[in-house]
Amino acid sequence: SLVGGGKIGQVVSATSNSSLVSTANSFVDLTGVTVDITPSATSSKVLIITSLPLFTNGGVDIYATILRGSTNLGNATTGFGRAAKGDAASYELHTISGINFLDSPSTTSSTTYKVQIKTSNGGTHTSNTPTSVITAIEVLA
């Protein structure tokens, strides 16, 4: 059984219909998929939930990650893993990918979380319709 803690503090969310078309082999911001939250205690955790509509050309991998400020919370190379893959050169892939991550920012200062995307092989990825979403939920200790 749970004893104390685990209560929800503040909840902030952002949505974006901005389109991102990129051939970047490094992580780039998804415009507007950013939230600021100010934890009420250094012991608070922040649960990040995302919903990311993605499109890619065949044979191209898309990787997604979350940043706290300028710190990549995932792997420096692959973020939170491959979010989508176009399996063959002649196929296109449309998918909705999500990342859920429980962070321990250890601060009571305003903290920014944002989503970044990158591709493999210099391929093209697009995020547009439907809406991309990021939500930050403070979990009280």
Query raised in the report: Quick one: how many Å² of T77 are accessible to a 1.4 Å probe, rounded to 10?
Result: 90 Å²
Requested in this report: Once you have the Cα-Cα distance between S109 and S40, take 0.36 nm times their residue separation minus that, and quote the gain in nm to one decimal.
Outcome: 24.0 nm
Report summary line: Note: I49 to S70 extended length (0.36 nm per residue) minus current alpha-carbon separation gives 5.7 nm
Query raised in the report: At L102 and S13, where each label point lies 7 Å from the Cα along Cα→Cβ, what is the point-to-point distance in nanometres?
Result: 2.1 nm
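The values are calculated or read from the model by the stated rules, or taken from the named source; none is laboratory data. These numbers come from a predicted model, not from an experiment. We place every Cβ from the backbone using ideal geometry, glycine too, and count neighbours over all the protein chains shown. Only protein heavy atoms, including side chains, enter the accessible area calculation; ligands, DNA and RNA are left aside. Shrake-Rupley method; radii C 1.70, N 1.55, O 1.52, S 1.80 Å.
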